[in-house]
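The values are calculated or read from the model by the stated rules, or taken from the named source; none is laboratory data. Bear in mind the structure is a predicted one, so any value in this text is a computation, not a measurement. Here the Cβ positions follow ideal geometry from the backbone for every residue, glycine too, while neighbour counts run over all protein chains shown.
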C-alpha cells in the first residue's frame with residue numbers, strides 16, 4: 001500500500017509538467033494567415049510529437065528558398081486515417097512535388113507549420129484528413145511567403161519585429 005501511495009504522489013507531481021509540455025500551434029505559428037506554394041520535398045521525418053518536413057521552393061527570379069516545417073497532425077491520428085509511417089514516407093519521399101498550406105512561424109523566417117499537403121493531382125496527403133482545404137493566400141514564387149506582421153508577431157514583440 002505504501003508503494004502505491006508513493007507512486008500516486010509521484011505521478012501527481014509529474015503529470016502537470018507533461019500536460020503543459022506540449023505547445024499549441026497558435027502560439028508558435030501564424031495559423032490565422034495561411035499561404036500556399038508548390039514545394040519539392042527535401043526530407044520528411046515521421047516522428048512524435050509532430051512529423052517534420054523540409055522543402056525547397058522556386059522564386060519568381062529563379063532563386064530558391066529552403067523551409068523547415070512541422071506538420072499539424074501527430075502520428076497517432078495519421079495512423080488512424082491510414083497514413084502509416086511507410087505510406088507517409090513513400091508519399092513524401094525526397095524530390096516529390098507537393099502543394100503546402102503553411103502558417104509561418106510568428107518569429108518570421110523560413111520555418112512554419114504545414115496545415116495541409118496536396119499532391120500534383122490536388123489530392124490531400126496527410127494533414128487535414130478529409131477536411132476541406134483551409135483558406136489560404138497563393139504566394140507561389142513570392143520571396144519569404146507570407147510573413148507575420150504587427151499583431152501577428154510573437155506576444156511581447158514590437159510591431160516592427162524588434163525585441
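Descriptive notes on the structure:
- Total residues in the range 47-76 satisfying the condition of being within 23 Å of residue 31 (Cα to Cα), touching a residue at least 40 places away in the same chain (Cβ under 8 Å) and surrounded by fewer than 12 Cβ atoms within 10 Å (Cβ to Cβ): the figure is 1.
- When the range 93-121 is filtered for residues that are exposed (fewer than 14 other Cβ atoms within 10 Å of the Cβ) and in contact with a strand residue (DSSP E or B) (Cβ under 8 Å, 6 or more places away or on another chain), the ones remaining, listed by number, are 93, 94, 95, 97, 120.
- Scanning the range 81-101 for residues that are assigned to a helix (DSSP H, G or I) and touching a residue at least 40 places away in the same chain (Cβ under 8 Å) returns 88, 89.
- The range 128-143, subset in a loop (DSSP other than H, G, I, E, B) and under 11 Å from residue 102 (Cβ atoms), residue modelled with the lowest pLDDT: 134
Residue-by-condition table, conditions (1) under 22 Å from residue 123 (Cβ atoms); (2) in contact with a helix residue (DSSP H, G or I) (Cβ under 8 Å, 6 or more places away or on another chain):
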{"site": "51", "(1), (2)": "yes, yes"}
{"site": "62", "(1), (2)": "no, no"}
{"site": "77", "(1), (2)": "yes, no"}
{"site": "86", "(1), (2)": "yes, no"}
{"site": "93", "(1), (2)": "yes, no"}
{"site": "96", "(1), (2)": "yes, no"}
{"site": "106", "(1), (2)": "no, yes"}
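- Per-region count, the range 31-45, residues at pLDDT below 95 and within 15 Å of residue 68 (Cα to Cα): 0
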